[in-house]
Amino acid sequence: LYFIIGIVTLPNYGVNWDEVNHLTRGQAYIYFFLTGREHYDQKLLEGPRHSLYQIKGYDFAYQKAKDGDHPVFSDNISAFFNYLFFQKLGWFSDMDSSHIYGPFVVTIFLFFLYFWVERAYSPFAALISVISLMLYPLFYGESHFNVQKDIPEAVFYGLASLALQSCFT
């Protein structure tokens, strides 16, 4: 349910202030991983459906030389969602396809949170914990447009905490 609501409401959210840096870097890395080329092909940039964030001059060669201090994993996965759902399938807009990553990782976390709490306490407690997290306004809002930094970090720390706690119970 959370994933469906997250996808349906994606067009209601905009761009984060530093998202351009993450999206251009993710696009450059994904293009390199898929093609092995450090520079964008001119045909790609003239094509009908390429990402606005595939910018000549901000390709893999540039990113490799000037890469920042944020980890690139979420940038790459977000760009892969863009590649799949916008560039190849055309199901979502350029921006919304990049943002699918947020509701996706949150849904995975909610799934694991439910089963962990259900095993440790009860199905009712699990349902309350998942609903509480889903309805927390900052968490819900950030999962739509801050998909490269805060939400994946919270999800990965949360999954690590659940896994660590499971080792000792």
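The values are calculated or read from the model by the stated rules, or taken from the named source; none is laboratory data. No experiment lies behind these values; they were computed from the predicted model shown. Counting neighbours? That spans all protein chains shown, and the Cβs are built from the backbone with ideal geometry, glycine included. Calculation scope for accessible area: heavy atoms of the full protein, side chains included, ligands and nucleic acids excluded. Shrake-Rupley method; radii C 1.70, N 1.55, O 1.52, S 1.80 Å.
With Cβ to Cβ distances under 15 Å as the rule, what net charge do the other residues near LYS43 carry (K, R +1; D, E -1)? Let's see the in-between values first.
Numbers: positive: ARG37, ARG49, LYS56; negative: ASP41, GLU46, ASP59.
That sum, taken over residues with Cβ under 15 Å, equals 0.
Considering only VAL117, VAL105, VAL155, the mean-square fluctuation computed in a Gaussian network model of the chain, springs between alpha carbons under 10 angstrom, is largest for VAL117. Backbone amide hydrogens, once placed in the peptide plane, bring TYR58 within less than 5 Å of nothing, excluding anything fewer than 5 places away on its chain. Largest GNM mean-square fluctuation among ASN82, ASN21, ASN12, using the chain with Cα springs under 10 Å: ASN12.
Give the accessible surface of the range 19-169 per residue, rounded to a whole number of Å², with probe radius 1.4 Å and ligands, DNA and RNA excluded. Could you put the intermediate results ahead of the total?
Working: 8360 Å² over 151 residues.
Result: 55 Å² of accessible area for each residue.
Give the label of the value calculated from the structure for log10 I(q)/I(0) by the Debye sum over Cα atoms at q = 0.09, 0.12, 0.19, 0.20 Å⁻¹, choosing from [x] -0.35, -0.59, -1.15, -1.23; [y] -0.40, -0.65, -1.21, -1.31; [z] -0.33, -0.58, -1.28, -1.37. Of the labelled values, this structure produces [x]. The 3J(HN,Hα) values that the Karplus relation (6.51, -1.76, 1.60; θ = phi - 60°) gives for the range 46-58 are, in residue order, 9, x, x, 9, 10, 5, 4, 8, 8, 10, 4, x, 10 Hz. Gly and Pro appear as x. Between GLU153, GLU46, GLU19, the GNM of the chain built on Cα springs shorter than 10 angstrom shows GLU46 fluctuating the most. For the chain, the 222 nm mean residue ellipticity estimated from helices alone, with every DSSP H stretch of n ≥ 4 adding -39500 (n - 2.57) and the total spread over all residues, rounds to -20000 deg cm²/dmol.
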